[in-house]
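Read through the structure below, which is laid out as structure tokens, and then see the notes.
Any read-out appearing in this document is the output of simple, stated calculations on the displayed coordinates, not a laboratory observation. No experiment lies behind these values; they were computed from the predicted model shown. Glycine gets a Cβ as well: all are built from the backbone with ideal geometry, and neighbour counts include every protein chain shown.
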Amino acid sequence: MSDRITSALELSADDRMADIGCGTGLFARGIAEALRPHHPVLCVDPSAAMLDQLHSSSALSPLLASAEEVADRTVALPYRQLDAMWLKESVHHVTDPAATLAGLTRLLAPGGRLLVAMLPTTIEYPLFAEALKRYEEFQPDPADIAQHLADAGLRTELTFVEHELRLDTGRYLSMVRARYMSVLSTFSDEELRAGIEEIRARHPEPELVFPDRFAFVLGARDDPTGTTASGGGVRTASD
């Protein structure tokens, strides 16, 4: 995933970068290790407990803040502008995606890029039925996110990437028990136990194999010295 983010954003060591909703910084760390950036990657998350697990490195700079606080400049950033930022599976936590993405867009330097990497509206994960149903009720549509970026004036492209996941069934059930997806936090302990039994009955095999598909919504700001964008449009492709 770090490689895909790097490729989609065409990142370079000279870029001023931010991981918005970085969690424990897994992807920022992978990108920093590969690129050895000249400016520390800004790792933004509203959870102090998550940032406490950030890898200690001069290439990573933690910032305790929400995407909304960054977008409306409630918190000060160490960079006046950003060349690249990404939101990996965090946009569904944003209360007003249109306003927040517009605010983040205003932080981009000329030629800057913003990537939203998110799950599509339907998934083929081996979850229990009610969890899949509830996921579909809450998950934003990538097409809507793309339109928000286009409305903010970015040249926007929506693509899909997919790879195969193979997980030991017992390990996956432990992940479900630990509520590894935010939708699982909406179930009580008793409901979750029942859901795990449903998964166990449906998947007696020792290893689970299923596709992991992501929507990549990429927006790019005009660079007056280079490419000129028409804005307002969304191009859709698949990979």
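Between L60 and V41, the built amide H atoms are under 5 Å apart, and every one of these is 5 or more places off in sequence or on another chain.
Listed peptides 192-199, 28-35 appear in the order 28-35, 192-199 once ranked by packing, highest mean of other Cβ atoms within 10 Å at the front. Compactness of the chain is given as radius of gyration and Dmax, 18.5, 60 Å, from Cα positions. Ordering of 216-223, 95-102 by packing is 216-223, 95-102, highest average first (other Cβ atoms within 10 Å, averaged per residue). Here the Karplus curve 6.51 cos²θ - 1.76 cosθ + 1.60, taken at θ = phi - 60°, turns the phi angles of the stretch 11-17 into couplings of 6, 9, 5, 7, 5, 8, 10 Hz, with x standing for Gly and Pro.
When you restrict to C-alpha pairs under 8 Å that are six or more residues apart and normalise by the size of the chain, the relative contact order lands at 21 percent. Between the amide H of C22 and those of V44, D45, distances stay under 5 Å, these residues lying 5 or more places away or on another chain, with hydrogens modeled in the peptide plane.
Backbone geometry of the stretch 26-33 corresponds, through the Karplus equation with coefficients 6.51, -1.76 and 1.60 at θ = phi - 60°, to 3J(HN,Hα) couplings of 4, 7, 4, 5, x, 5, 5, 5 Hz, x marking Gly and Pro.
When ranked by the protection proxy of mean other Cβ atoms within 10 Å per residue, highest first, what sequence do the peptides 51-59, 11-19 form?
Numbers: 51-59: 13.1, 11-19: 20.1.
Top to bottom by mean Cβ count within 10 Å: 11-19, 51-59.
Quick check: residue separation of E205 and E164 times 0.36 nm, minus the Cα distance between them. What number comes out in nm? Display every interim value, and only then the final one.
Details: separation 41, 0.36 × 41 = 14.76 nm, distance 1.68 nm.
Length gained, E205 through E164: 13.1 nm.
Listed values for the stretch 105-121 are Karplus-derived 3J(HN,Hα) couplings in whole Hz (6.51 cos²θ - 1.76 cosθ + 1.60, θ = phi - 60°), namely 4, 5, 8, 6, 6, x, x, x, 10, 10, 10, 10, 9, 8, 6, x, 6, and x replaces Gly and Pro.
Entry note, the chain: the mean residue ellipticity at 222 nm calculated from DSSP H runs of n ≥ 4, each adding -39500 (n - 2.57), is -9000 deg cm²/dmol after division by the residues and rounding to the nearest 500.
Only bridges with both residues in the chain count here: give the DSSP antiparallel percent, nearest 5.
Values: 20 of 40 bridges.
Bridges in the chain are about 50 percent antiparallel.
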